[in-house]
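Written out below as C-alpha cells is the structure these notes cover.
The values are calculated or read from the model by the stated rules, or taken from the named source; none is laboratory data. Everything numeric in this text was worked out from a predicted model, so none of it was measured. Reconstructed Cβ throughout: ideal geometry from the backbone, glycine too, with neighbour counts over all protein chains shown.
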Amino acid sequence: MRKIRLIARLDIKGPNLIKGVHLEGLRVIGPPNEHALRYYQQGADELIYMDCVASLYGRNNLGDIVQSAAKDVFVPMTVGGGIRSVADATQLLRCGADKVAVNTAAVANPKLIGDIARRFGSQCMVLSIEAKQVGPDRWEVYTDNGRERTGLNVIEWVRKGVSLGAGEILLTSVDKEGTRKGYDVALIKAVTREVSVPVIASGGMGKPEDLIDAVLQGEADAVAMADILHYRRATVGDIRNVARGAGIDVRDYEHA
Amino acid sequence: MSTPEVVVIDYGVGNLLSVRRGLERCGANVAVTSNRDVILSAPRVVLPGVGAFADGMAELSRHGLDDVVREVAAKKTPLLGICLGMQMLLDESEEYGITAGLGLIAGRVVSVPAISSEGQPQKVPHIGWNSLQPTAGCKHWKGTLLQEVRPGAAVYFVHSFMASPVDPRHRLADCLYGGMPISAAIGRDNVFGCQFHPEKSGAVGLKILQRFLAQ
C-alpha cells in the first residue's frame, strides 16, 4: 500500500479562507496563508486550494494567494475553482501549483480534461467531483460549489473522466461537507472500486478517527481535511498518530 | 544585481518557481536563466525538468544548453538535476524509443516497474511520498547531499521512468515501490541527481537543497 496522504483543504472566497456546511453558508475563518503555513508546519502532505465562488463569477483569483504560499510551503499544492481552459491551468501552475482541479468546466466541456492531461500530464489533472446522494447507492454530480445539479451519475462520470485523462479524483460529499459527521464511506467505496487512479476523500471529518473508515473500508488514497483543522479541533500531527495507530501507512513526518 | 549563488536553468520546461523558492528559503541568491554565460560563470547549477525525456533533451538542445550543461560538469561546478533533470544526466532513455541523454553518469533511464516484487500489477506513474534508503553501493550518506537526511525519511515523487546507473557506487539512495528498488538519488563527483522533488518534500527536501548550496 502506498502512504496515505493527509491533505489540508482551504476553501477560498476573495481574500479569505472560508468554511461552509454542505458548501453553503460560508463563514470567514481568516487569512488563508496563515493557516496554510500552520498546516505545512504540522506536516500536511499536500494542500488543496479551492476558489469556491470562481465558477459563479467566471474567474479564479487564487494565483496571487498560491504564489505567496509558494514562498513558505514546500509540499505539493492543488488549485481549483473556475479553471476553464488550458491557459487558466498554465497560469496557476506558473504561480507554483503542482496540479489543477477541475469540476464545473469539465462537466460543461469534458474535452478540457484531455487537453490539460496532454499538456501537463495526467498526474497534473485532478477531476473534482461534488457528489450528492439521490438514492440508495446512487449519487449525482453537482457543479458550481454544490449549487447546480447536472443529472450525471457520479460513477459514470468518474469512469468517463479517468478515460479522458484525469489522473486523480477529488471526491467531495456535499451531504457530509462541513457536518463533522464522518466521510461518506459508501460513496468513496463506490468510486475507488471503479477506477485505478488515486481518490481523495473530502467532506465530513469531525474527529481524527473518521479517516479510518474512509481509508480501510472506502479505500481512499488520501483524505482532505478542513473544518477539523481550521477550528483547531485537531492538528495534522494528531490525525497522523490516529492513522498510524490504526495501522495505516502515513509519511513518517518526524523522521526528518 | 549581485552575483547569484546558484543558477536554475530555464529551458522552457516545468514549474521553476517552486525550485527557486526552495533555494531562496535556504538563503540563496538565485538566478533563473537560459543565458549560457550566466550559467557557465555560476558557482552552482540546477537542472530542473518535468515531462517526457525526448522533449526535455530537444528543448535543452534548441536553447543550445546541452553542451553548456556538459561544460558545467566538466568544470567541476556542482550540478543538481531534479526529476527529468536527473534522468537527462544519464547516457540514454528508453521512454518512447531510445533518446540520447547528456552522458554525465553512465547508465540508462528505464520504466518504473508496473509489476510488484510479488507479481501484482501496480500503478505507474509512481506518485506520492516514499522513503529514502541507502543502497549496496552507498551504505551511508556522509559526504553526500543526503548527509543531513535520516534513512527512512520520506520525499515526494512524480515519475514514470527511473534512472539505472551502471556503477552501483553512483546510486546514493533508493526507495522501494511495490518491493522493487527505484533509484531516488544518484551522484558522481560534482554531478548529483534527485528523482524526487526536494522543493516539494518539506523539511527533508530543504535540507538536501541546503547541502547542495554548501557544495
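Considering only segment B:45-54, I want to know if a residue exists there that is within 26 Å of residue A:117 (Cβ to Cβ), in a helix (DSSP H, G or I) and under 17 Å from the mean Cα position of the chain (by Cα).
Yes, segment B:45-54 contains at least one residue that is within 26 Å of residue A:117 (Cβ to Cβ), in a helix (DSSP H, G or I) and under 17 Å from the mean Cα position of the chain (by Cα).
Condition check ((1) under 17 Å from the mean Cα position of the chain (by Cα); (2) within 14 Å of another protein chain (Cβ to nearest Cβ)) across all residues:
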{"residue": "B:93", "(1), (2)": "yes, no"}
{"residue": "B:97", "(1), (2)": "no, no"}
{"residue": "B:104", "(1), (2)": "yes, no"}
{"residue": "B:127", "(1), (2)": "yes, yes"}
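Does residue A:54 fit the bill of being more than 14 Å from every other protein chain (Cβ to nearest Cβ), at pLDDT 95 or above and within 16 Å of the chain's Cα centre (by Cα)?
The answer is no for residue A:54.
Taking the residues in segment B:139-165 that are assigned to a strand (DSSP E or B) and β-branched (Val, Ile, Thr) as candidates, determine which candidate is nearest to the other protein chains (Cβ to nearest Cβ).
Among those that are assigned to a strand (DSSP E or B) and β-branched (Val, Ile, Thr), it is B:158.
Quick one: is residue A:113 away from chain B (no Cβ under 14 Å), in a helix (DSSP H, G or I), of a type in the set (Val, Ile, Thr) and surrounded by 16 or more Cβ atoms within 10 Å (Cβ to Cβ)?
yes
What are the residues in segment B:31-42 that are surrounded by fewer than 22 Cβ atoms within 10 Å (Cβ to Cβ) and closer than 23 Å to residue A:74 by Cβ, if any?
B:31, B:32, B:33
Restricting to segment B:170-215, give me the number of residues that are surrounded by fewer than 19 Cβ atoms within 10 Å (Cβ to Cβ), over 16 Å from the mean Cα position of the chain (by Cα) and either assigned to a helix (DSSP H, G or I) or on the phi < 0 side of the Ramachandran plot (or both).
5
Across segment A:84-100, which residue is surrounded by the most Cβ atoms within 10 Å (Cβ to Cβ) among those that are within 9 Å of chain B (Cβ to nearest Cβ) and charged (D, E, K, R)?
A:98
Looking at segment B:116-138, is at least one residue touching a helix residue (DSSP H, G or I) at 6+ places or on another chain (Cβ under 6 Å), assigned to a loop (DSSP other than H, G, I, E, B) and more than 23 Å from residue A:167 (Cα to Cα)?
yes
Output the number of residues of segment A:203-223 satisfying the condition of being touching a residue at least 60 places away in the same chain (Cβ under 8 Å) and touching an Asp or Glu at 6+ places or on another chain (Cβ under 9 Å).
Total satisfying the criteria: 4.
Mind listing whichever residues of segment B:56-89 are part of a helix (DSSP H, G or I) and charged (D, E, K, R)?
Listed by number, the residues that qualify are B:59, B:62, B:66, B:67, B:70, B:71.
Considering only residues of segment B:16-30 that are touching a residue at least 12 places away in the same chain (Cβ under 8 Å) and of a type in the set (A, V, I, L, M, F, W, C), which is surrounded by the most Cβ atoms within 10 Å (Cβ to Cβ)?
B:23
Please specify each residue of segment A:85-110 satisfying the condition of being within 21 Å of residue B:50 (Cα to Cα), part of a helix (DSSP H, G or I) and touching a strand residue (DSSP E or B) at 6+ places or on another chain (Cβ under 6 Å).
Residues satisfying the conditions are A:89, A:92.
Checking the conditions here, which among B:42, B:31 is within 18 Å of residue A:71 (Cα to Cα), away from every other protein chain (no Cβ under 14 Å) and out of contact with any Cys (no Cβ under 9 Å at 6 or more places or on another chain)?
Just one listed residue meets the conditions, B:31.
Looking at this structure, is residue A:197 within 14 Å of chain B (Cβ to nearest Cβ), among the β-branched types (Val, Ile, Thr) and either farther than 25 Å from residue A:114 by Cβ or part of a loop (DSSP other than H, G, I, E, B) (or both)?
yes
Within segment A:210-256, which helices (runs of 4 or more DSSP H) (wholly inside it) include 1 or more residues that are among the aliphatic types (A, V, I, L, M), at pLDDT 95 or above and closer than 19 Å to residue A:168 by Cβ? Give the steps one after another, and end with the answer.
Numbers: elements: A:210-216, A:227-230, A:236-245.
Here the list reads A:210-216.
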